[in-house]
C-alpha cells in the first residue's frame, strides 16, 4: 500500500537549499498562492445546488471535507504536483536582482 505524500524540507545539498533568501521567499509565496487557488477550485467543485443538508452531508462532513481539501492543497503546492507555483515563481523571479558572484 502506498502511504500519504508529505512535504519535506529541502536537504542541505539540494538546489532548493542553495536559493537566495529572496528566491526562497518568492517560492514560498508562489506555493501559498497555488494552495489558495487549489482550495478555491476544490471548494467550487464541491458546491452544488443538489447538495442537501442531510445527516450524511451535514456540518461535520463539510468541516472534514474543508480540512481535507486544505491539507491536499498544501501538499500539492509544496510538492509541485500541478506546477502552478513553479510557473509563478519562474515568472516573478525575472524581476529579482541578479545574484552577485561570490
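Residues checked against (1) part of a helix (DSSP H, G or I); (2) surrounded by 12 or more Cβ atoms within 10 Å (Cβ to Cβ); (3) at pLDDT below 75:
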residue	(1), (2), (3)
52	no, no, yes
56	no, no, yes
63	yes, no, no
69	yes, yes, no
74	yes, yes, no
78	yes, yes, no
99	no, no, yes
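Filtered by the rule that a residue be modelled with pLDDT under 85 and surrounded by 13 or more Cβ atoms within 10 Å (Cβ to Cβ), region 17-41 gives a lone residue, 19.
The values are calculated or read from the model by the stated rules, or taken from the named source; none is laboratory data. Values in this document were obtained by computation on a predicted structure and should not be read as measured data. All Cβ positions, even for glycine, are placed from backbone atoms using ideal geometry, and neighbour counts span all protein chains on display.
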